[in-house]
Amino acid sequence: MSCEWAESLYTSSTSRRRAFRAETGLAFSEWRTRLRLNHSLHLLAAGHMVSTVAARVGFVSTNGYILAFRRYFGETPGAYVKRSASRTAA
């Protein structure tokens with residue numbers, strides 16, 4: 001979160017971070033990562049390559065995306081795509 005944004009609301013950035021965490025239960029960076037990962041599900045389902053999805057949702061590296069995906073969903077993006085494909089074929 002930018003200091004300019006906090007200043008325009010006449011609050012400190014620390015106060016905004018605390019309010020965000022109190023409201024969502026997450027740090028802003030964690031919330032943003034989850035949002036990106038959830039959006040990536042739609043791109044994977046549309047058939048985009050993992051490296052393309054990683055870049056489109058804002059990850060610097062494909063490996064970073066795969067690690068975050070596995071941490072959040074418990075499987076790699078490739079495993080998710082295979083599992084999703086087998087469910088729709090069945």
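The values are calculated or read from the model by the stated rules, or taken from the named source; none is laboratory data. In this text the structure is predicted, and so the values were computed from the model without any measurement. A quick note on method: Cβ atoms are made from the backbone with ideal geometry, for glycine too, and the neighbour counts reach across all protein chains shown. What goes into the accessible areas is simple: the full protein's heavy atoms, side chains included, and nothing from ligands, DNA or RNA. Shrake-Rupley method; radii C 1.70, N 1.55, O 1.52, S 1.80 Å.
At-a-glance table
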{"read-out": "Leu67 paired with Ser15, simple spin-label distance in nm, labels 7 Å along Cα-to-beta-carbon", "value": "3.6 nm"}
{"read-out": "HN-Hα J in Hz across region 49-55 - Karplus 6.51, -1.76, 1.60, θ = phi - 60°, x for Gly and Pro", "value": "5, 4, 4, 5, 4, 4, 5"}
{"read-out": "The chain - convex hull of the alpha-carbon atoms, volume per residue in Å³", "value": "116 Å³"}
{"read-out": "Contour excess over end-to-end distance, with Cα ends at Glu23 and Ala45 and 0.36 nm allotted per residue", "value": "4.8 nm"}
{"read-out": "Principal axis dimensions, region 51-90 - Cα atoms, whole angstrom, descending", "value": "35, 19, 11"}
{"read-out": "Residue-by-residue Karplus 3J(HN,Hα) for region 26-42, coefficients 6.51, -1.76, 1.60, Hz, glycine and proline x", "value": "10, 5, 4, 5, 5, 4, 5, 4, 4, 4, 4, 5, 5, 5, 5, 4, 5"}
{"read-out": "Å² per residue, accessible surface of the chain at 1.4 Å", "value": "69 Å²"}
